[in-house]
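What follows is one structure encoded as structure tokens, with my remarks underneath.
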Amino acid sequence: PNIAFFDSSQGGLTVWENVLKRFPNLNTQYLGDNARCPYGNKSAETIIKYSSEAALFLLNRNANLLIVACGTASSVAAKEIQKIFKIPIVGIVEGFCQFVGSILENKSRSVAVLGTRFTIKSGRFKEELSLYNINNVWERACPLFVPLVEEGISSGPMADAAADMYLWDIPEDTKIVMLACTHYPRLVHAIAASIERRLGKTIIYKTIDGDWVLILGRNNLEDPIYVVESSLPIVNYVSQFLHKNNSTGIYSQGNKHVFCTDAP
Ligand code: DGN
């Protein structure tokens, strides 16, 4: 099979890389619509239009599964474009919220959702989390994070200042922080450091290998905060897809194509 990914630009590479870590021989293609990045500040109509165009491009290149590797497009367009195209199309919202539902033991603890302006305004994550009885949701749009990542800035004073500006009032009872934009894993250390400065808690990051990795902490190992990204549920989805299609992905040639809509 050929598995296709798209994002407004390079953020979805965090998802693509993690899928390839698990299935290195898969045939994959990635489209970064960098000419029109960011999607996060645009209207629903525009995001749906751009997403349909991205999907059509990848379908014409023989994609069998389309992964919407973008929190913004997933919030508004994944379901819409599924109505138009015949191949399975999966966004990050549903699997990600289900995953958080499965690891949050105490449902009264708060879940922080960090995303683009559009994602947060859409309320999609809040709505989906409520299916798992998670109703204590703190949301924050962090529009400066995407341009920072696009500029290759993932640490240092600018990243720290941006993280502090957005996270200074993250609730004391936060248990899980969801990186609901696929660019944000690049900033995970700045995000974790900012939360640690405010709450003095140990911050643990769920990696794609399923391990929890301690990234920062003082002495409070008893009640750590978990930071999670959207790739893990997507990797599981791909695994199920391959299984259903009687393919392990092991015997493909591992062709990888990356496209963008403007200068790379
Ligand atoms: N990576 C995109 C997302 O997950 O929402 C960023 C959207 C944007 O273009 N700002």
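The values are calculated or read from the model by the stated rules, or taken from the named source; none is laboratory data. All of these numbers come straight from a predicted model, not from anything done at the bench. A quick note on method: Cβ atoms are made from the backbone with ideal geometry, for glycine too, and the neighbour counts reach across all protein chains shown. Note: areas computed on protein heavy atoms with side chains; ligands, DNA, RNA excluded. Shrake-Rupley method; radii C 1.70, N 1.55, O 1.52, S 1.80 Å.
Select from segment 80-122 the residues that are within 16 Å of the ligand (Cβ to nearest atom) and among the basic types (K, R) and list them in ascending order.
R117, K121
Would you check which residues across segment 115-170 are of a type in the set (D, E) and either at positive phi or not in a loop (DSSP other than H, G, I, E, B) (or both) and list them?
Once the filter is applied, which keeps residues that are of a type in the set (D, E) and either at positive phi or not in a loop (DSSP other than H, G, I, E, B) (or both), segment 115-170 yields E127, E128, E139, E150, D160, D164.
Which of the residues that make up segment 125-163 are within 19 Å of G101 (Cα to Cα) and open to solvent by 30 Å² or more (accessible area, probe 1.4 Å)?
Across segment 125-163, the qualifying residues are K126, E127, S130, L131, Y132, N133, N135, N136, W138, E139.
Residues that are modelled with pLDDT under 95, under 30 Å from I67 (Cα atoms), surrounded by 16 or more Cβ atoms within 10 Å (Cβ to Cβ) and out of contact with any Ser or Thr (no Cβ under 7 Å at 6 or more places or on another chain): does segment 171-182 have at least one?
The answer is no; no qualifying residue exists.
Going by the conditions given, is V137 among the hydrophobic types (A, V, I, L, M, F, W, C), within 16 Å of the ligand (Cβ to nearest atom) and within 19 Å of the chain's Cα centre (by Cα)?
So V137 fails the test.
Read through the list (1) in contact with a helix residue (DSSP H, G or I) (Cβ under 7 Å, 6 or more places away or on another chain); (2) closer than 25 Å to C142 by Cβ; (3) among the hydroxyl-bearing types (S, T, Y), then give the number of the only condition that S43 fails.
(1)
For A35, state whether it is outside any strand (DSSP E or B) and touching a Cys at 6+ places or on another chain (Cβ under 9 Å).
Yes; evaluated as a whole, the condition is true for this residue.
Taking the conditions exactly as written (over 20 Å from Y226 (Cβ atoms) and either open to solvent by 20 Å² or more (accessible area, probe 1.4 Å) or not aliphatic (A, V, I, L, M) (or both)), does I84 satisfy them or not?
Yes.
Among E53, E151, which is within 15 Å of the ligand (Cβ to nearest atom), under 23 Å from P1 (Cβ atoms) and without any contact (Cβ under 8 Å) to a residue 24 or more places away in the chain?
E53
Among the numbered criteria (1) surrounded by fewer than 17 Cβ atoms within 10 Å (Cβ to Cβ); (2) near the ligand (Cβ under 10 Å from one of its atoms), which one does V68 miss?
If we test V68 against (1) surrounded by fewer than 17 Cβ atoms within 10 Å (Cβ to Cβ); (2) near the ligand (Cβ under 10 Å from one of its atoms), just (1) comes out false.
Could we say that V258 is open to solvent by less than 30 Å² (accessible area, probe 1.4 Å) and at pLDDT 90 or above here?
So V258 fails the test.
Kindly establish whether Y30 is open to solvent by 20 Å² or more (accessible area, probe 1.4 Å) and within 16 Å of the ligand (Cβ to nearest atom).
So Y30 fails the test.
Quick one: which of K42, K49, K21 is basic (K, R), open to solvent by 30 Å² or more (accessible area, probe 1.4 Å) and modelled with pLDDT of 95 or more?
Exactly one residue qualifies, and that residue is K49.
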